[in-house]
Amino acid sequence: MPKAVRRTFVLATTPVTLVALLGAASPPSTGASGAGDPYFPLAGNGGYHVGHYDLTLRYDPGSGHLDGKAVLTARATQRLSRFDLDFEGLTVTGLTVDHTKADFRRDGQELVVTPRRALRKGERFTVTVSYQGKPGPVTDPDGSLDGWIPTDDGAFVAGEPQGAMTWFPANNHPTDKSSYDFTITVPKGRTAVANGVLLSQRTAHGATTFRWRQSEPMAAYLATATVGKFKVEQFTTRNGIRVYNAVDPREAAAAAPVLKKLPSVLEWETKFFGPYPFRAAGSIVDRAPNVGYALETQSRPVYDRAPDVSTLVHENAHQWFGDSVSLTSWKDIWLNEGFATYAEWLYAEQHGGDSAQKTFDDLYARPASDGLWEFPPGDPGSGANIFGTPVYARGAMTLHVLRTTVGDRAFFRTLRAWAAEHREGNGTTAQFVRLAERVSGKKLDGLFKTWLSAPGKPNRP
C-alpha cells in the first residue's frame, strides 16, 4: 500500500489499555474485546475464529444508504457467554446466534453480543447481523481515511488498517482470516467490485446484483465492495488466472497502458516469489481525489487514480507479501511494505531503470536528519507511523542489505520460502529472520537489529 509519500501525518495515537492488551484479564467465558495488537488494541476480538463471511449488500449511491446482512460462520476457541464484533456507525436492526435472537449492545467500535446460551469451546456457530444506514470512513491515527469512502458515483472501499468495520461486522485483525461471499446490489449502470471470482451478474427492475467469491483466506481489511461507473475488462491469463479490471472512464486513457502490463508483471513476480497465490487478479481504478493512496485489496488492488507501473508492481507484490502471508501484528508492517517496495526496485533494475544498489545508495546519501531515519521500520512506535517513509524505504533497504550479505541465490530462495511456508497464513519478523538464517547458513541477528530496530541512521554496510 504505497501510502507513505501521499499522506499528511498527524501525531495521534490510540491509547493502549492493560485490559485490552491482556485478554486474560477478561472473565474466562467472555471473549476479549481486542486481539491484543499494540497499535490497535480494540482491533479484532478474542474467543472465536470466523471461517466464512457471507455479505449481502444493497447500496444507493444517490442517497448514500446501505442495507446489509452479514452471516458469519465461526468456531469458539473458548467457552463464550459473550463475545464482540468490530462494527462502527451503522444501525443494527437484528441479530441472531444460531438463528436464535441474541442480546446486543454498542460500545464504541464494539458490537457486544450475548447469545441465549453459552457456546462451548470448539463449537461451531453462526451469527447473523442485519443493519442499515449511511456508511462513511474512519480517520486513522495518521489523519488519512479508510473504510467506506463515498465518491461522486459510488464508493471507494479500502479498509487498511481499521475500515472494514465501517461496512460489515468483523473480527477485524489480520490474524483472523476467512473466506468470503459477496452479493451486492446497486442501481443499473453501476458496477460493484469485490474480491475473488465473479460468479454472476444479473439486472432486473432497475438494479444489478453482482455475486463474488473469495475462496482463499483473507484478512478483513483486504475486503472491498467498491461501487462506481466502470468500464470492465475480463480475460484469463495463460496461467489460468481470471483477471477482472474495472476502470472509471475518466481514468481509462491513463490506466490502459499500465494495466496492459498486469499479466507480465504477475509472471515476473511469480518467477521471484513463487506461484501466484489466488485464483483471480485484476484492478479497480477509481477516481477518488480525497483518498490519496492505493490498497492491495486481495486479488484486485484498488487505486484512487490511474496507477503508474511502479504502483502496479507494488500492489501486486502485496498479493504474496501482506495478503497471502499476512501480519501477526501491525508493528511488523515492514514485512508488507518493505517487501512490496523492494519489488519495485527489482522490477526497475530488470526493466531499464536504476539498479537496486543505486536506489539504495541514493537513499543512504540522505542526511541523518532526513525523515527516512526518523524511526526504525521494525518498530514504528505507533499506528500514526505505520505508513511512514522508514517502513517503506528503510524496510526495502533492509532487504537489500540482506541480499548483498547472503548473495542472490540465498536471498531469492528466502523470499520464495517465506511465501510458500506461510501461504494463506501469518508471519512475524522473528520468523523471517530465522528463515533467512536457515536458508543462508549465516548469523543475521546483527544485520536485522541494525536495520530494523536501531534508531537513527545505520553505519554503511
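The values are calculated or read from the model by the stated rules, or taken from the named source; none is laboratory data. From a predicted model like this one, the values you see are computed outputs, not experimental measurements. Each accessible area value is taken on the protein alone, full model and side chains, heavy atoms only, with ligands, DNA and RNA left out. Shrake-Rupley method; radii C 1.70, N 1.55, O 1.52, S 1.80 Å.
Structural remarks
- Percent breakdown of C-alpha pair distances by 10 Å bin, ordered from the shortest bin, for the range 310-376: 21, 40, 34, 5
- Share antiparallel - DSSP beta bridges, the chain, percent rounded to 5: 80 percent
- Count of lysine pairs in the range 141-294 with Cα separation under 17 Å (8 or more residues apart, or interchain): 4
- Within the assembled protein chains, the solvent-accessible surface assigned to VAL92 is about 20 Å², based on a 1.4 Å probe.
- Kirkwood hydrodynamic radius of the range 26-171, from inverse mean 1/r over distinct Cα pairs, in Å: 15.6 Å
- The range 236-371, accessible surface, carbon-and-sulfur percent (1.4 angstrom probe): 51 percent
- DSSP beta bridges in the range 224-283 [antiparallel fraction, %, rounded to 5]: 60 percent
- The tail of the calculated P(r) for the chain beyond 30 Å holds 43 percent of all Cα-Cα pairs.
- Evaluated at q = 0.25 Å⁻¹, the base-10 log of the normalised Debye intensity for the range 203-277, with identical point scatterers placed on the Cα atoms, takes the values -1.33.
- Cα-derived Rg over Rh, computed across the range 359-418 with Rh taken as Kirkwood radius: 1.04
- Global form of the range 25-105, assessed from the alpha-carbon gyration tensor, a/c cut-off 1.5: prolate
- Over the residues of the chain, the helix contribution to mean residue ellipticity at 222 nm works out to -6500 deg cm²/dmol, using -39500 (n - 2.57) for each DSSP H run of at least 4.
- Share of pairwise Cα-Cα distances greater than 25 Å in the range 333-461 is 20 percent (whole percent).
- For the range 210-332, alpha-carbon Rg over 2.2 N^0.38 Å: 1.00
- The C-alpha radius of gyration of the range 385-430, expressed as a fraction of 2.2 N^0.38 Å, stands at 1.30.
- Multiplying the residue separation of SER453 and SER264 by 0.36 nm and subtracting their alpha-carbon distance yields 64.5 nm.
- Were the residues from HIS99 through ARG409 laid out at 0.36 nm apart, the gain over their Cα-Cα distance would be 106.1 nm.
- Relative contact order (%) - the range 354-461, alpha-carbon pairs under 8 angstrom, separation at least six: 36 percent
- Taking all protein chains together, ARG287, ARG460, ARG120, ARG190 sort by accessible area into ARG120, ARG460, ARG287, ARG190, largest first [probe 1.4 Å].
- Using the empirical formula 2.2 N^0.38 Å as the baseline, the Cα radius of gyration of the range 266-401 reaches a ratio of 1.05.
- Residues of the chain: accessible area per residue with a 1.4 Å probe, Å²: 38 Å²
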